[in-house]
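This report concerns only the one structure given below.
The values are calculated or read from the model by the stated rules, or taken from the named source; none is laboratory data. Predicted model only: the values in this text are computed from it and were never measured. With ideal geometry, Cβ positions are generated from the backbone for all residues, glycine too; neighbour counts draw on all protein chains shown.
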Protein chains: 2
Amino acid sequence: MTTAPPWADGLARRIAESALAWESGPAEVDAFRAWFAERARTSAALVRRVPLDSLTGWQNGADVIRHASGRFFTIEGLDIHVRDRPVPHWRQPIINQPEIGILGILVKEFDGVMHCLMQAKVEPGNSNGLQLSPTVQATRSNYTRVHGGRQVPYLDYFRDLSGSRVIADVRQSEQGSAFYQKRNRNMIVETTDDVEVLDGFRWMTLGQMHRVLALDDLVNMDARTVMSCLPFATSDPAGREEGDGFRAALLRSCDGTSPALHRLGEILSWVTDARTRIDVSTSLIPLREVSGWRRTEERISHETGLFFSVIGVDVEATGREVAHWTQPMIEPHGTGLVAFLCRRIDGVLHVLVQAQVEAGYVDVIELAPTVQCTPDNYSCLPADARPPFLDEVLLARPEQIRFTAVLSEEGGRFFHARNRYTIIEVEPDADLAHPNYRWVTMAQLADLLRHSHYLNVQARSLVACLHSLTSARD
Amino acid sequence: MTTAPPWADGLARRIAESALAWESGPAEVDAFRAWFAERARTSAALVRRVPLDSLTGWQNGADVIRHASGRFFTIEGLDIHVRDRPVPHWRQPIINQPEIGILGILVKEFDGVMHCLMQAKVEPGNSNGLQLSPTVQATRSNYTRVHGGRQVPYLDYFRDLSGSRVIADVRQSEQGSAFYQKRNRNMIVETTDDVEVLDGFRWMTLGQMHRVLALDDLVNMDARTVMSCLPFATSDPAGREEGDGFRAALLRSCDGTSPALHRLGEILSWVTDARTRIDVSTSLIPLREVSGWRRTEERISHETGLFFSVIGVDVEATGREVAHWTQPMIEPHGTGLVAFLCRRIDGVLHVLVQAQVEAGYVDVIELAPTVQCTPDNYSCLPADARPPFLDEVLLARPEQIRFTAVLSEEGGRFFHARNRYTIIEVEPDADLAHPNYRWVTMAQLADLLRHSHYLNVQARSLVACLHSLTSARD
């Protein structure tokens, strides 16, 4: 029986200590690099684009593309109406994957420091093959072994929670532009068991993970979303100082007792209002009725060449459950831009989130980054569809850029989907009021991240990036 | 700009003071009774059952019953599969009302004491005509005046929040056994404006509302659900003592710093697990395909005579927006039983909630009372479908009963739907472990009540009843 109030048992302190531990512990960063390079040599995948019509084991119907087993996912059409918007109606292909998978990170203390068990994993859609992944990354089809592959390692830690401490366990959405109401269960589970470290797995401190998060295309989307559900460090046990106070303002933002511009109740009321007021209706339709899109033997693409295509890939992999398979994937056109504007209000860092509609969201809107777009896509859309605050991001001075890296989206469904993730600090007095945007603290985001359907997957990635800035640097 | 952390601005203290104020203020309870009796004399409604086929303005189709305007609500069929349950599949008629209405209570201080603006309102389904209702109780069809009625009074306070303080604003579900994914927006808004008190409205302290909540069939469901979203009093400013310490244990339960049996994170993980594990699928179907139910000119009823019927009513009312109309309604068969078991754990009151599936829930399960059933309905169901803990409630000794009253469900859709709401205290050492149930504190329920889809409407009513026990008594 636990009698302490939530998080009063030292978890925030332990997280802060792990975030500072990047030079010590079982794996230093240099050793990480050597290990990762070795993994890359031994677990390559040969991924070839193939015509959509040539996929083996997939039924490529005029109305739906589905696997012969009836499992995994389907590609269908979606019809979307959003009343009173610059683009009030459109149709598009969408991935329908109703099963809820598990994305889990196993945590354990070594020498009093929390470590996360991470995996170097090849995904067919990764432009560079191998990326750092959670301990477990499994669809329900995966872990019930529909495809006849090997057992998912470490899965039992996330299926039987009786002997463990659950640090986070929440269903979170994925890209609403490509998935119809997809959610995965994001889990962080702490064990005191002896854990055998299998080939391709490695214990890492939070500090080490924060460091490699700054590298292009290294930490995968699934790892980032699970990391975002970790409670935040709210202090620096080492008491280090920093030149311009940014890190201190960030740590204060992570602390729920710091002053915030809006009460959480006001943020929740704003979300409730948007979800009540905005009139979105979506319905799955046959692929053949997706007007505006062209289907060939090769692919399904938008008439303008923008947005994304549905393509086919053929995969030969080592180090995965199945050595050879084909599947449809979503290939976005162009590198996207995902950015938080942040500013200090009374010395507390706030980030600017928007209430954003996407076709596949379960509940009307989710909170998204200040800017989330592929700038190229706006060439064919009305001028008032151009995202607010895009110029503030594109024209930021170098000293305003607190974080920037190109990171990949999920490599099991997306082919070479890369976004530049950027955190830009604006002046404390920057007047950026907009009815569809709110300044919130990290502590408020942490409160919301305990529940489903508040932060979208891009915002969660940025939260993980922001949290990484609490770690000490060279 | 607010710089105080949530609820640190004295709201809990103000709520505690209003909860104690039942003898003072602009309305004493005796005066309330006189006022309410007078309203009952002047605002009667003549409600007659009529054949379902005879409704005016409604299209009584074989597949769906709908209003000629296309608004309000429809009666359709629902097909439900719940894997691995005693009753794994059934079909039933269901109300489909996708619009989100507003249930709002306006709050204002008089002489430093918070008062709520309540309304004595006739609803056709109330067995006793008049009940105490929120300030505003309006479907979207109501407030956009589809039915050509009068303007909804005080609605602007809930549509334009710029000059007010929002105390609660959250979409909450209604009965999943009768509604398909229905939500209403529960709002509590505080104003400092001068407010004209219209006929049929009255300012009441929380203490006064708590007192009348103990009376049978007086405070309606909509008022109860909004009241449940109010933050709780966590202390007694008058410092009164009580014989057996129940009230002190309840106040400690409302205080988020008191020890709880489970961390909130554990409760959330349990909810996530249930929502991931339980396999529910529902689809709307034509009424004619609802097997097991019989449709006549008069009504739609289950073959066994159990559960509920869909009937027609003809209403002639004074004091409502429209003086005469007909509509379909749901008539439950038998009085239901809705009960919390509660017990003191380390001196802190905990209540036993269950993770419950209902056909119309948006998100698989919601937290429901320990017992929620109509005992008669179980005569035709398998023995293992009999609710756990029913005997603990039915066989409780008088001194265990902390609250009991027969209260009505929503009188706009339900005809004479009455449930006995009961709160039973069991011994601190009562061993009632069950995987589908958890002991939680009031503070944890208050945390969950800030978000949608956690507590079902019956549990919210019981939360309001429990909160009422913090008020001083004779």
Inset, instruction - Taking the residues in segment A:226-237 that are away from every other protein chain (no Cβ under 14 Å) and modelled with pLDDT of 90 or more as candidates, determine which candidate is farthest from A:A21 (Cα to Cα). - result: A:S228
Legend entry - Every residue from segment B:220-241 that is in a helix (DSSP H, G or I) and more than 28 Å from B:N419 (Cα to Cα): none
Inset, instruction - Given the conditions (1) more than 20 Å from B:P328 (Cβ to Cβ); (2) more than 9 Å from chain A (Cβ to nearest Cβ), report the number of the one that B:L287 does not fulfil. - result: (1)
Legend entry - Any pair with Cβ under 6 angstrom, 6 or more apart, that starts in segment B:82-101 at a residue that is more than 15 Å from B:Y180 (Cβ to Cβ) and ends at one that is of a type in the set (D, E) and part of a loop (DSSP other than H, G, I, E, B): B:R83/B:D279
Inset, instruction - Could you pull out every one of the strands (runs of 3 or more DSSP E) wholly within segment A:317-428 that has 3 or more residues that are of a type outside the set (A, V, I, L, M)? - result: A:324-332, A:336-345, A:348-357, A:401-408, A:418-425
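Working only within segment B:285-304, note down all residues that are among the hydroxyl-bearing types (S, T, Y) and within 11 Å of B:D53 (Cα to Cα).
Residues of segment B:285-304 that are among the hydroxyl-bearing types (S, T, Y), as a first pass: B:291, B:296, B:301, B:304.
Of everything in segment B:285-304, just one residue is among the hydroxyl-bearing types (S, T, Y) and within 11 Å of B:D53 (Cα to Cα), namely B:T296.
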Legend entry - Within segment B:160-178, tally of residues that are more than 9 Å from every other protein chain (Cβ to nearest Cβ), among the acidic types (D, E) and touching a strand residue (DSSP E or B) at 6+ places or on another chain (Cβ under 7 Å): 1
Inset, instruction - Kindly indicate whether any position in segment A:148-158 is touching a Leu at 6+ places or on another chain (Cβ under 9 Å) and under 24 Å from A:E38 (Cα atoms). - result: yes
Legend entry - Index of the failed condition, B:S269 passing every other in (1) under 24 Å from the mean Cα position of the chain (by Cα); (2) within 14 Å of chain A (Cβ to nearest Cβ): (1)
Inset, instruction - Quick one: which strands (runs of 3 or more DSSP E) lie wholly within segment A:113-219 and hold at least 1 residues that are closer than 21 Å to A:P328 by Cα? - result: A:113-122, A:130-133, A:136-138, A:165-173, A:183-190
Legend entry - Of the criteria (1) modelled with pLDDT of 95 or more; (2) on the phi > 0 side of the Ramachandran plot, which one A:A368 fails: (2)
Inset, instruction - Run down A:Q181, A:Q137 and say which single residue is within 30 Å of A:T282 (Cα to Cα) and within 12 Å of another protein chain (Cβ to nearest Cβ). - result: A:Q181
Legend entry - Within segment A:384-424, tally of residues that are of a type in the set (D, E, K, R), over 22 Å from A:M442 (Cβ atoms) and within 23 Å of the chain's Cα centre (by Cα): 4
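Take the residues of segment B:397-449 that are of a type in the set (K, R) and under 30 Å from B:I278 (Cβ atoms): which is surrounded by the most Cβ atoms within 10 Å (Cβ to Cβ)?
At the first step, the residues of segment B:397-449 found to be of a type in the set (K, R) are B:397, B:402, B:413, B:418, B:420, B:438.
Subsequent filtering for residues that are under 30 Å from B:I278 (Cβ atoms) retains B:413, B:418, B:420, B:438.
Values: B:R413: 23, B:R418: 19, B:R420: 15, B:R438: 21.
Here the residue is B:R413.
Test A:R240 against the stated conditions and say whether it is within 20 Å of A:V351 (Cα to Cα) and more than 12 Å from every other protein chain (Cβ to nearest Cβ).
Spelling it out, it is not the case that A:R240 is within 20 Å of A:V351 (Cα to Cα) and more than 12 Å from every other protein chain (Cβ to nearest Cβ).
Please state which one of A:D217, A:D199, A:D236 is over 18 Å from A:G129 (Cα atoms) and among the charged types (D, E, K, R).
A:D236
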Legend entry - Matching residues, segment B:272-284, being β-branched (V, I, T), within 9 Å of another protein chain (Cβ to nearest Cβ) and either on the phi > 0 side of the Ramachandran plot or surrounded by fewer than 21 Cβ atoms within 10 Å (Cβ to Cβ) (or both): B:T276
Inset, instruction - Look through segment A:244-266, keep the residues that are within 9 Å of A:V348 (Cα to Cα) and among the polar types (S, T, N, Q), and return whichever of them is farthest from the other protein chains (Cβ to nearest Cβ). - result: A:S253
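Just give me the residues in segment B:438-459 being under 18 Å from B:V357 (Cβ atoms) and either within 12 Å of the chain's Cα centre (by Cα) or in a helix (DSSP H, G or I) (or both), in sequence order.
Residues satisfying the conditions are B:L448, B:L455, B:N456, B:V457, B:Q458, B:A459.
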Legend entry - Considering residues of segment A:410-453 that are touching a helix residue (DSSP H, G or I) at 6+ places or on another chain (Cβ under 7 Å) and among the basic types (K, R) only, the residue farthest from the other protein chains (Cβ to nearest Cβ): A:R438
Inset, instruction - Could you grab me the full set of residues in segment A:305-316 that are part of a strand (DSSP E or B) and of a type outside the set (G, A, S)? - result: A:F308, A:V310, A:I311, A:V313, A:D314, A:V315, A:E316
Legend entry - Flag for A:Y180 being of a type in the set (S, T, Y), farther than 30 Å from A:W293 by Cβ and touching a residue at least 12 places away in the same chain (Cβ under 8 Å): no
Inset, instruction - Return the total of residues in segment A:330-358 being hydrophobic (A, V, I, L, M, F, W, C), surrounded by fewer than 21 Cβ atoms within 10 Å (Cβ to Cβ) and under 27 Å from A:G412 (Cβ atoms). - result: 2
Inset, instruction - Please indicate, with yes or no, whether at least one residue in segment B:195-204 is more than 14 Å from chain A (Cβ to nearest Cβ), under 20 Å from the mean Cα position of the chain (by Cα) and surrounded by 23 or more Cβ atoms within 10 Å (Cβ to Cβ). - result: yes
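Here are some residues: B:G305, B:G243. Which one is within 27 Å of B:C373 (Cβ to Cβ) and not charged (D, E, K, R)?
Exactly one residue qualifies, and that residue is B:G305.
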Legend entry - Hits in segment A:268-294 - residues which are touching a residue at least 24 places away in the same chain (Cβ under 8 Å), of a type in the set (D, E, K, R) and farther than 30 Å from B:D160 by Cβ: A:R288, A:E289
